Amino acid sequence: MNANEQRSDTAAVTQGGGHPSASVHPVVRVAAEWTWRLLVIFAGLLTLGYIVTRLDTVLIPVGLALLSSALLVPLVDWLQGKGVPRSAAVLVVLIGSIGIVAGIMTFVVEQFIEGLPGLTEQFEASVTQIQGWLTDGPLHFSEDQIRQAGDSVVKSIQDNRQQLTSGALTTATVVGEIFTGALLTLFTLIFFLYGGSQIWEFVTRLVPTASRRRVRLAGSQGFGSLIGYVRATVAVAAADAIGIGAGLAILGVPLALPLASLVFIGAFIPIVGAFLTGFLAVLVALVTKGFLTALIVLGIIIGVMQLEAHVLQPLLLGRAVRLHPLAVVLAITTGIVLAGIVGGLLAVPIVALLNTAVRSLMSADPEATYDALEVDDPAVPLYPAEADVPHPPHPARPHFDDPHFNDTAQTHDRPE
């Protein structure tokens, strides 16, 4: 084909639309555009996940410090409002919090140590009953078969002693990492409590001036939602622990207080945490008290979970931090895949923070939008339709009366 024929073919193609892409069917063109955009988003998510997994030693302590600061910064602000210097307020809150946590953990460990011998005796009695059921029950196993099964388990442990030893070394390494992470968390928490607002203002100076006020307000509103979420989660976790722990104590299940403490910790992972830790109480009840007691404990756990889902969470969680259950489950799963149990703990609070911050960034009037979310009124739509949201041709700069968000204010030079 010569050059003249090529030019004529190109002209024939471009006559209809003025561009070679005009010959492509619109559906194919739209599908291609969506495909490459989705591929870019997917690549960005993969890159973000890779960064999180590689820097989890740093990001996890920072996330835990952010979560802890959301719980403690209102106390620091309250003490500062009473005339206490902020540095002294931070010191008092940290020492008091560490002392309370240490005292509770010491009491729980003492209860566990005291109840462990009785639990061991009841476990041995249950094993004897199971052996009797296996030999005298409908299965009719012989004592030699049961003894051989036990010997095979012991032999398997002896054969894998090297793997168990290496696992112990790995455990020692993990303990070292936990200690390092705890120090980094404490160090970061101190700075978050003392000058978190100054840190955020410094970070937002990287944002263009035209968007700086909006970004600062979005971050402040997101952190406010995080404070509300943490408060509500602590209250829900305490209610779960009290309800399940009281049921275990009434039924006489051993280690009721340590098991209730596990439920309290697990409740910080919404939907699944309290149920999974409560299921451990079901196993303890099954081994020590029998099938009927274990069934009652399971019923208590299900009842407490229903109370949490239908009464406590709607009552305590405001509209600004309430999330769809599917979003919660997906966030927890993603967090566990990326960073283990701690990732599952941090996933939902981070999503709650981003949920409010993104809404503020996308809203034409961030302050009015956030105030509407704070009103727990079913008549106010949580997700307004597109037609109800004004879209100016250019993003309007919000007018904030708070000088805290003034770009020209040299906040880092202000005396405490």
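Data overview
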{"quantity": "Some residue of the range 69-84 being in a helix (DSSP H, G or I), surrounded by 17 or more Cβ atoms within 10 Å (Cβ to Cβ) and of a type in the set (S, T, N, Q)", "calculated": "yes"}
{"quantity": "Where a residue in the range 106-129 is within 14 Å of Val284 (Cβ to Cβ) and its partner, wherever it lies, is at pLDDT 75 or above and of a type in the set (D, E, K, R), with Cβ under 9 Å and at least six apart", "calculated": "Gln122/Lys289"}
{"quantity": "Filter result for the condition that a residue is of a type outside the set (Ser, Thr, Tyr) and within 30 Å of Ala256 (Cβ to Cβ), over Ala65, Ala31, Ala102", "calculated": "Ala102"}
{"quantity": "Residue within the range 109-122 that is within 30 Å of Trp78 (Cα to Cα), modelled with pLDDT of 70 or more and surrounded by 10 or more Cβ atoms within 10 Å (Cβ to Cβ) present", "calculated": "no"}
{"quantity": "Per-region count, the range 236-262, residues part of a helix (DSSP H, G or I) and either touching a Phe, Trp or Tyr at 6+ places or on another chain (Cβ under 7 Å) or within 19 Å of Leu316 (Cα to Cα) (or both)", "calculated": "9"}
{"quantity": "Unmet criterion (only one of (1) modelled with pLDDT of 85 or more; (2) in contact with a Leu (Cβ under 9 Å, 6 or more places away or on another chain); (3) of a type in the set (Val, Ile, Thr)) for Val304", "calculated": "(2)"}
{"quantity": "Matching residues, the range 77-116, being aliphatic (A, V, I, L, M) and over 24 Å from the mean Cα position of the chain (by Cα)", "calculated": "Leu79, Val84, Ala88, Ala89, Val90, Leu91, Val92, Ile95, Val108, Val109, Ile113, Leu116"}
{"quantity": "Residue within the range 265-278 that is farther than 26 Å from Val215 by Cα, of a type in the set (Phe, Trp, Tyr) and free of Cβ contacts under 8 Å to residues at least 24 places away in the same chain present", "calculated": "no"}
{"quantity": "Some residue of the range 43-61 being buried (at least 17 other Cβ atoms within 10 Å of the Cβ), more than 18 Å from the chain's Cα centre (by Cα) and at pLDDT 90 or above", "calculated": "no"}
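Rundown of residues vs (1) in contact (Cβ under 8 Å) with a residue 60 or more places away in the chain; (2) under 17 Å from Thr185 (Cβ atoms); (3) not in a helix (DSSP H, G or I), yes/no style:
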position	(1), (2), (3)
Ala32	no, no, no
Thr35	no, no, no
Leu38	no, no, no
Ala65	yes, yes, no
Val101	no, yes, no
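Residue-by-condition table, conditions (1) buried (at least 18 other Cβ atoms within 10 Å of the Cβ); (2) over 23 Å from the mean Cα position of the chain (by Cα); (3) modelled with pLDDT under 85:
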{"site": "Ala256", "(1), (2), (3)": "yes, yes, no"}
{"site": "Gly273", "(1), (2), (3)": "yes, no, yes"}
{"site": "Gly278", "(1), (2), (3)": "yes, no, no"}
{"site": "Ala285", "(1), (2), (3)": "yes, yes, no"}
{"site": "Ile300", "(1), (2), (3)": "yes, yes, no"}
{"site": "His324", "(1), (2), (3)": "no, no, yes"}
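The values are calculated or read from the model by the stated rules, or taken from the named source; none is laboratory data. Quick caveat: nothing in here was measured; it's all calculated off a predicted structure. FYI the Cβ positions are ideal-geometry reconstructions off the backbone, even for glycines, and counts take in every protein chain you see.
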